[in-house]
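To start, the structure under review is shown below, and the notes come after it.
Derivation of every value follows stated rules applied to the coordinates shown; laboratory data play no part. Model, not experiment: these values are computed from the prediction. Note that each Cβ is placed from the backbone with ideal geometry, even for glycine, and that neighbours are counted across all protein chains shown.
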Amino acid sequence: MTRRFRNLFFLASAAGFAVFYLWGLHLLPGFGHYPGPYGDVLNALSVYERHATDVITAVNFDYRGFDTLGEEFILFTSVMGANLLLRKQKDDKEEDPPLDLARDRLAPPTSDAVRVAGLALLLPIVVFGIYTVTHGQLTPGGGFQGGVILASAPLIIYLCGDYENFKRITSHVLTEVMEAVGAGGYAVTGLISFIFGYKYLQNFIPLGQTGDVFSGGTIALISALTGLEVAAGIVLLMISFFKQTLVYRKPGEERGDRNA
Amino acid sequence: MLVMQVTILIFVAIAGGAVVFTRNPLNQVMGLSFFGLLLALMFFIFQAPDVAFSQIVVGAVVIPLMVLLTLIKLKTKEQSKKNDA
């Protein structure tokens, strides 16, 4: 493929894309003019039908709960896939910290400003994450959002300290179990609906008082399970990345500073 | 409101372009993180706080960190090759 042909091919493709793109834009409804009926119907009904004031979470975990189950398993599968790729392989070996050849020169410590700001943020982040998970049916947020917020707490520990601190507060086995319980719990919640003679994932828990933390029936339960799965999944992903980058070495592959 | 929406769209376009045109991967990761934060702000201004929450963490922290760790791994590999030669 010559350069000239490549350029021509690109220009033709770009022109074709531009035509269809502009055509598509032209047929879109105007900015801020929502045409479909479903959004308006759900906005009007979800507080009455599901006692959930955050319509988005009500849609995600109830009205189209089955789709979200699929999305949850997309995350589950991709974390598993990344873990499989980053696993400790036969010829990897765990390495001790590199030999310090310049003992008189200390590595620059994390700056005090970063550590103070990080440690001050840590507790609010954990509290806010738990709040976001448990209040998914009331205010913006929910399991996925709260889960990623919770998962950022160990990362702040890593930022303020080092990998050793991160290792001390996380557990590979525990995150695996938590992720499995979160993902499996969601699927099992759907199965429990059958016992009550409902359809898969139909709301079977009493809806409670609108505005209450325990309102929304299965929405709150699924939100909590998703929070567990997402938080554990992201931390598990980070553990694998840290291990593969900072701990495992191929034979003959050394840290740069040892021979320098 | 419209002014804020237009402004944030322009910022996102500039930041996105800057990320694409940055050649050095390390600088690119820093740009990507900032771009992720701007995207979160955009979602918030366009009244999608649910998405903004996850975007702040995923776009500004988790993805840049993953790329950063991969860069470290690649760099150590290159270094050891250089040392062998």
Using only Cα atoms, tell me the angle between helix A:3-27 and the longest principal axis of chain A; keep it within 0 to 90° and round to the nearest 10. 30
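Determine Rg/Rh for the range A:167-229; Rg is computed over alpha-carbon atoms and Rh is the Kirkwood hydrodynamic estimate from the same atoms.
Values: Rg = 14.2 Å, Rh = 12.9 Å.
So for the range A:167-229, dividing Rg by the Kirkwood Rh gives 1.11.
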Over the protein assembly as shown, the sum of -39500 (n - 2.57) across DSSP H runs of at least four, divided by residue number and rounded to 500 deg cm²/dmol, gives at 222 nm -23000 deg cm²/dmol
Compute the helix-to-body angle for A:172-195: its Cα long axis versus the longest principal axis of chain A, expressed 0 to 90° and rounded to tens. 10
Percent of all alpha-carbon pairs of chain A at distances over 29 Å, whole number, is 53
Report, as an integer, the average count of C-beta atoms from other chains found within 10 Å of each Cβ along A:55-63. 1
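Counting only chymotrypsin sites (Phe, Trp or Tyr not before Pro) that are in a DSSP loop and have at most 11 other C-beta atoms within 10 Å, tell me the longest site-free stretch of chain A.
On the way: sites that count: A:Phe31, A:Phe196.
Maximal segment without exposed cleavage sites: A:32-195.
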Would you mind working out the magnitude of the charge dipole of chain B relative to its Cα centre, with +1 at each Lys and Arg C-beta and -1 at each Asp and Glu C-beta, to the nearest 20 Debye? 420
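Where in chain A is the longest stretch that carries no trypsin sites (Lys or Arg not before Pro) classed as loop by DSSP and with at most 15 other Cβ atoms within 10 Å?
Details: sites that count: A:Arg64, A:Arg87, A:Lys88, A:Lys90, A:Arg103, A:Arg105, A:Lys199.
After excluding every exposed loop site, the longest remaining stretch is A:106-198.
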Size of the range A:32-187 as Cα extents on the principal axes (Å, biggest first): 70, 41, 30
If the chain between A:Arg115 and A:Leu28 were fully stretched, how many nm would it gain, using 0.36 nm times the residue separation less the Cα-Cα distance? 26.5 nm
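Averaged over A:229-239, how many beta carbons belonging to a partner chain fall within 10 Å of each residue's beta carbon? Walk me through the intermediate numbers first.
Details: counts 0, 3, 0, 0, 0, 4, 0, 0, 3, 4, 0.
Whole-number average of other-chain Cβ neighbours for A:229-239 is 1.
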In whole angstrom, and with the biggest value first, how far do the Cα coordinates of chain B range along each principal axis? 60, 24, 10
When the dipole is taken about the Cα centre of the protein assembly as shown, and only Lys, Arg (+1) and Asp, Glu (-1) are charged at their Cβ, what size is it in debye, to the nearest 20? 1340
Cross-link partners among lysines for B:Lys75, C-alpha distance below 20 Å, same-chain residues fewer than 8 apart left out? A:Lys88, A:Lys93, A:Lys243, A:Lys250
Most fluctuating residue of A:Ile219, A:Ile239, A:Ile195 in a GNM of chain A with Cα springs under 10 Å: which is it? A:Ile195
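Test of understanding: what is the full-extension gain from A:Asn43 to A:Glu71, defined as 0.36 nm times their sequence separation minus their Cα-Cα distance?
Fully extending the segment from A:Asn43 to A:Glu71 adds 7.8 nm.
May I ask for the net charge around A:Leu42, where only other residues with Cβ less than 13 Å from the Cβ of A:Leu42 are counted and Lys, Arg are +1 while Asp, Glu are -1? Numbers along the way, then the final one.
Working: positive: A:Arg50, A:Arg64; negative: A:Asp40, A:Glu49, A:Asp54, A:Asp62.
Summing Lys and Arg as +1 and Asp and Glu as -1 gives -2.
Summing +1 for each Lys or Arg and -1 for each Asp or Glu, what net charge is found among the other residues whose Cβ lies under 12 Å from the Cβ of A:Ala52? Walk me through the numbers on the way to the answer.
Values: positive: A:Arg50; negative: A:Glu49, A:Asp54, A:Asp62, A:Asp212.
Value of the local net charge: -3.
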At 7 Å along Cα-to-Cβ for each site, give me the label-to-label distance between B:Val20 and B:Gln47 in nm. 3.0
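For A:Val126, A:Val79, B:Val29, which order do you get if you count the other beta carbons within 10 Å of each Cβ and list the fewest first? Working shown, then result.
Working: A:Val126 15, A:Val79 23, B:Val29 20.
The most exposed by this proxy come first: A:Val126, B:Val29, A:Val79.
What does the charge count near A:Tyr200 come to, summing +1 for each Lys or Arg and -1 for each Asp or Glu among other residues with Cβ under 14 Å from its Cβ? Display every interim value, and only then the final one.
Working: positive: A:Arg64, A:Lys199; negative: A:Asp62, A:Asp67.
That works out to 0.
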Computed on alpha carbon atoms, what radius of gyration and Dmax characterise the range A:95-248, expressed in Å? 19.9, 72
